Amino acid sequence: MLRKASAADAALLRIWDKTQHVIDATGADAGSDWNWEAELPRDVTWREFLVGEVAGRAVGFMQIIDAREEETHYWGDVDPGLRAIDIWLGDAADFGKGYGCAMMRLALARCFADSSVTAVLIDPLVSNAKAHRFYERLGFRRTGRQMFGEDDCFVYRMARSEWTAG
Ligand SMILES: CC(C)(COP(=O)(O)OP(=O)(O)OC[C@H]1O[C@@H](n2cnc3c(N)ncnc32)[C@H](O)[C@@H]1OP(=O)(O)O)[C@@H](O)C(=O)NCCC(=O)NCCS
């Protein structure tokens with residue numbers, strides 16, 4: 001199940017921020033403060049913070065942004081209609097059980113439920129080979145390599161036509 005994150009999740013998200021797998025996956029931004037206490041209550045049109053739950057237990061975090069409208073313009077001057085997703089599980093003991101795949105499918109359905117959305121983007125670090133496999137198995141296609149600040153990333157894309165609701 002995927003639910004909106006709330007201020008009550010701040011403490012848990014801070015614990016997850018400090019886990020090695022999140023630090024490894026978030027590159028140069030690792031350790032930078034997400035300022036959860038201030039950001040979680042902020043209701044903006046260009047971003048969603050979500051928590052994945054299994055049997056009522058929070059297992060993972062997701063951010064979905066409108067890549068064009070996002071306030072820092074992380075993705076640069078991109079077309080309208082693009083969403084970008086970040087995902088991590090909190091506990092490495094939960095890896096490989098299908099939680100990440102299930103959360104991504106729910107998030108993709110959420111993105112493509114908006115008929116103006118044409119595609120979803122992901123920017124895993126070049127070094128994160130496991131995540132590449134994860135996204136490719138979901139149907140994302142690698143479309144390029146891009147530096148985001150100091151981070152050397154691959155860009156993956158899933159067009160609406162490539163998305164299968166199944
Ligand atoms: C990526 C991630 C969300 C996948 O969730 P999951 O529940 O483990 O994934 P699933 O069980 O649905 O699918 C398993 C696949 O996840 C990927 N995966 C597993 N461990 C991973 C890890 N430590 N880091 C990245 N991807 C991983 C692999 O591709 C794995 O497939 P495999 O069996 O071929 O090895 C989760 O592993 C994670 O939080 N990893 C660390 C943070 C991260 O890399 N996030 C992505 C940043 S772009």
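The values are calculated or read from the model by the stated rules, or taken from the named source; none is laboratory data. Being a predicted model, the structure only gives us computed values, none of them experimental. Methodologically, a virtual Cβ is constructed for each residue, glycine included, from the backbone with ideal geometry; neighbour enumeration extends over all protein chains shown. Note: areas computed on protein heavy atoms with side chains; ligands, DNA, RNA excluded. Shrake-Rupley method; radii C 1.70, N 1.55, O 1.52, S 1.80 Å.
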Each label point is 7 Å from the Cα along the Cα-to-Cβ direction; what then is the distance between the points at Ser6 and Ile23, in nm? 3.2
Reach of Lys18 by Cα under 19 Å, taken over aspartates and glutamates that are not fewer than 8 positions away in the same chain: Asp9, Asp29, Asp33, Glu37, Glu39, Asp86, Asp91, Asp94, Asp151
Residue-normalised value, i.e. accessible area per residue, for segment 40-155 at 1.4 Å probe, in Å², stands at 49
For every other residue with a beta carbon closer than 13 angstrom to the beta carbon of Trp163, add +1 if it is Lys or Arg and -1 if Asp or Glu, then tell me the sum. +4
How large is ³J(HN,Hα), in whole Hz, for each residue of segment 52-61 in order, when computed from phi with the Karplus curve 6.51 cos²θ - 1.76 cosθ + 1.60 and θ = phi - 60°, using x for Gly and Pro? x, 10, 10, 6, x, 9, 5, 10, x, 10
Within segment 124-148, name every residue whose backbone N is under 18 Å away from a label modeled 7 Å from Cα of Ala159 along the Cβ vector. 136, 138-145
Put +1 on the Cβ of every Lys and Arg and -1 on every Asp and Glu Cβ in the chain; which of Pro41, Phe134, Ile65 then has its Cα farthest towards the positive end of the dipole? Phe134
Please say if the chain is rounded, prolate or oblate, where rounded means a/c under 1.5 for a ≥ b ≥ c the square roots of the C-alpha gyration tensor eigenvalues, and otherwise the choice is prolate for a/b larger than b/c and oblate otherwise? rounded
With +1 on each Lys and Arg Cβ and -1 on each Asp and Glu Cβ, and nothing else charged, work out how big the dipole of segment 22-166 is about its Cα centre, in Debye to the nearest 20. 900
FRET efficiency for Ser32 and Ser115, using Cβ-Cβ distance with R0 set to 41 Å, rounded to 0.05: 0.75
